[in-house]
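Colleague: First the structure, then my questions, so here it is.
The values are calculated or read from the model by the stated rules, or taken from the named source; none is laboratory data. Since the model is a prediction, treat every value here as computed from it, not as a measurement. No Cβ is skipped: glycine too gets one built from the backbone with ideal geometry, and neighbour counts run over all protein chains shown.
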Amino acid sequence: MTSVITVALPDQPYNVVISAGGLGRVGEWLQGNPTALVKPGQRLLVVANPGVFKIYGEALVRSLAQAGYLVESCLLPAGERYKTLKSIQKIYDAALAFRLERQSAMVALGGGVIGDMTGFAAATWLRGVGLVQVPTSLLAMVDAAIGGKTGVNHPQGKNLIGAFYQPRLVMIDPLVLKTLPVREFRAGMAEVIKYGVIWDQPLFEALEAPTRLDQYRYLNDQLRHTILTHACQAKAEVVSQDEKEAGLRAILNYGHTIGHAIENLMHYRGINHGEAVALGMVAAGHIASRLGFWSNTEEQRQRALIEKVGLPTCLPTVLDARAVLAALQGDKKVEAGLLRFIMPRGLGSAQITTAIDQQMIRAALEVIGST
């Protein structure tokens, strides 16, 4: 089963291909895709971490080579704490050694960290070379690989250094999720729940139906297809309407305002992105309920779904609400001194607001306070 979703940007539309076994056909899709603009004979630099490359690198490189591309690889350590300018320098060094030209491209093989870093390197090497995203985690498939947000972390905050830079092609192969660790699968499901809350009520209801959602093996083929196509379609629709977050696209940050603060305070150790976003959604959902933006029932449905996936609803014991509140002031979503929050307006809808005072935030943080 193959689905093709178009991110309909006026200047550079591109396809998101969802296809079982697609990882072994990336070269074929790239070669035959007029929007990809990377012709056979060009150089492709594959960026991955060693663990992912050991499992999937050979199949990807073979696919690209068989389509007539010249291929080299650059391997970086795995983990959010390596999402730094030092890692970008390693990609630049590999690009220089491999003699990447403006008609060349970088291929991100991995999760969101690899995708973000490769995208930023591609945006800035020679003022822009081609970019192909081949995500191997659920989180990257439904979120990070689509939409053109790239970047690295600063010691004072997540993704403070970055650029908007769209890929030429996104290839999603659901079969690679079979090797994804359970914790990483759950992290990706946090973003899937997010789409259900802010954009796609039928997706949210589809997630409520099964008894278990905490492991990939409990999803039947139809639900897997629904999750990937609905989530990717939601991201594509939002990005197509607002590429550079001038307005609507900010709703994709639901749960991320508090989530990013938690990640930064934890120094990206002991908690992953999806777990932090889940905590952010619980807190934001509580604020929305107090403001009357949605009902207590809807708030509880969201919390129940987060718990069913196996995601946390309480802060790590080493954190307290005061530390999170202080960290929020350094968030890049602060405008004119006011913190920008995304609030659900019933299932399937959301809005951006700055009308959230510190007392409301403190009360929400107490709801997710460690126990």
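Colleague: Which members of region 270-301 meet the condition of being charged (D, E, K, R) and not in a helix (DSSP H, G or I)?
Modeller: Applying the first criterion (charged (D, E, K, R)) to region 270-301 yields 275, 290, 298-299, 301.
If the condition is that a residue be charged (D, E, K, R) and not in a helix (DSSP H, G or I), then no residue fits.
Colleague: Residues to consider are Ser87, Ser63; find the one that is within 21 Å of the chain's Cα centre (by Cα), of a type in the set (S, T, N, Q) and at pLDDT 95 or above. Reasoning before the result, please.
Modeller: Numbers: Ser63 fails: within 21 Å of the chain's Cα centre (by Cα).
Every option except Ser87 fails the conditions.
Colleague: Moving on. Can you tell me which residue in region 210-266 is modelled with the highest pLDDT, limited to those that are among the acidic types (Asp, Glu) and either in the same structural domain as Leu138 (by TED's automatic domain parsing) or under 19 Å from Met343 (Cβ atoms) (or both)? First the steps, then the outcome.
Modeller: Of the residues in region 210-266, the ones among the acidic types (Asp, Glu) are 214, 221, 237, 242-243, 245, 263.
Imposing the further condition that a residue be either in the same structural domain as Leu138 (by TED's automatic domain parsing) or under 19 Å from Met343 (Cβ atoms) (or both) reduces the set to 242, 245.
Values: Asp242: 95, Glu245: 88.
It comes out as Asp242.
Colleague: Can we say Leu30 is under 22 Å from Phe120 (Cα atoms) and either in contact with a helix residue (DSSP H, G or I) (Cβ under 7 Å, 6 or more places away or on another chain) or loosely packed, with under 15 Cβ neighbours inside 10 Å (or both)? I'd like the intermediate steps shown before the answer.
Modeller: Numbers: under 22 Å from Phe120 (Cα atoms): yes; either in contact with a helix residue (DSSP H, G or I) (Cβ under 7 Å, 6 or more places away or on another chain) or loosely packed, with under 15 Cβ neighbours inside 10 Å (or both): no.
Taking the combined requirement at face value, the residue does not satisfy it.
Colleague: With within 19 Å of Lys158 (Cβ to Cβ), at pLDDT below 95 and outside the structural domain of Lys235 (by TED's automatic domain parsing) as the only criterion, which of Gly119, Gly112 stands out? If you could, list the steps in order and put the result at the bottom.
Modeller: Working: Gly119 fails: at pLDDT below 95.
Gly112 is the lone residue from the list that is within 19 Å of Lys158 (Cβ to Cβ), at pLDDT below 95 and outside the structural domain of Lys235 (by TED's automatic domain parsing).
Colleague: For residues that are small (Gly, Ala, Ser) and either outside the structural domain of Leu311 (by TED's automatic domain parsing) or modelled with pLDDT of 95 or more (or both), scanning just region 267-286, find the one that is farthest from Val367 (Cα to Cα). Show your work before the answer.
Modeller: The first filter runs over region 267-286 and keeps only residues small (Gly, Ala, Ser), leaving 270, 274, 276, 278, 280, 283-285.
Filter again for either outside the structural domain of Leu311 (by TED's automatic domain parsing) or modelled with pLDDT of 95 or more (or both), leaving 274, 276, 278, 280, 283-285.
Numbers: Gly274: 18, Ala276: 14, Ala278: 13, Gly280: 11, Ala283: 7, Ala284: 10, Gly285: 10 Å.
The residue in question is Gly274.
Colleague: Let me ask something else. Go through region 323-358 and give me each residue that's among the β-branched types (Val, Ile, Thr) and either buried (at least 19 other Cβ atoms within 10 Å of the Cβ) or modelled with pLDDT under 85 (or both).
Modeller: Val324, Val334, Ile342, Ile356
Colleague: Only one of Lys90, Lys83 is touching a Leu at 6+ places or on another chain (Cβ under 7 Å), among the basic types (Lys, Arg) and closer than 24 Å to Glu263 by Cβ. Can you tell me which?
Modeller: Values: Lys83 fails: touching a Leu at 6+ places or on another chain (Cβ under 7 Å).
When all the criteria are applied, what remains is Lys90.
Colleague: Continuing with the same structure: Any residue that is in contact with a Pro (Cβ under 8 Å, 6 or more places away or on another chain) and under 21 Å from Gly115 (Cα atoms) - is there at least one of those in region 234-255? Talk me through it step by step, then tell me what you get.
Modeller: Taking region 234-255 and keeping what is in contact with a Pro (Cβ under 8 Å, 6 or more places away or on another chain), we get 254.
Subsequent filtering for residues that are under 21 Å from Gly115 (Cα atoms) retains 254.
There is at least one residue in region 234-255 that is in contact with a Pro (Cβ under 8 Å, 6 or more places away or on another chain) and under 21 Å from Gly115 (Cα atoms).
Colleague: I'm checking my understanding of the structure. Among residues of region 1-26 that are over 22 Å from the mean Cα position of the chain (by Cα) and at pLDDT below 95, which one is nearest to Ser104 (Cα to Cα)?
Modeller: Looking at residues that are over 22 Å from the mean Cα position of the chain (by Cα) and at pLDDT below 95, I get Asp11.
Colleague: Restricting attention to region 193-205, and to residues there that are in a helix (DSSP H, G or I) and charged (D, E, K, R), which single residue is surrounded by the most Cβ atoms within 10 Å (Cβ to Cβ)? I'd like the intermediate steps shown before the answer.
Modeller: Initial filter on region 193-205 (in a helix (DSSP H, G or I)): 193-198, 201-205.
Among the residues that remain, those that are also charged (D, E, K, R) are: 194, 205.
Details: Lys194: 31, Glu205: 13.
Among residues in region 193-205 that are in a helix (DSSP H, G or I) and charged (D, E, K, R), the one surrounded by the most Cβ atoms within 10 Å (Cβ to Cβ) is Lys194.
Colleague: Right, next: Show me the strands (runs of 3 or more DSSP E) found entirely inside region 86-192 where at least 1 residues are in contact with a His (Cβ under 6 Å, 6 or more places away or on another chain), buried (at least 21 other Cβ atoms within 10 Å of the Cβ) and not hydrophobic (A, V, I, L, M, F, W, C). Step through it out loud before you land on a result.
Modeller: Details: elements: 105-110, 130-135, 149-154, 157-164, 169-172.
Ranges flagged: 157-164.
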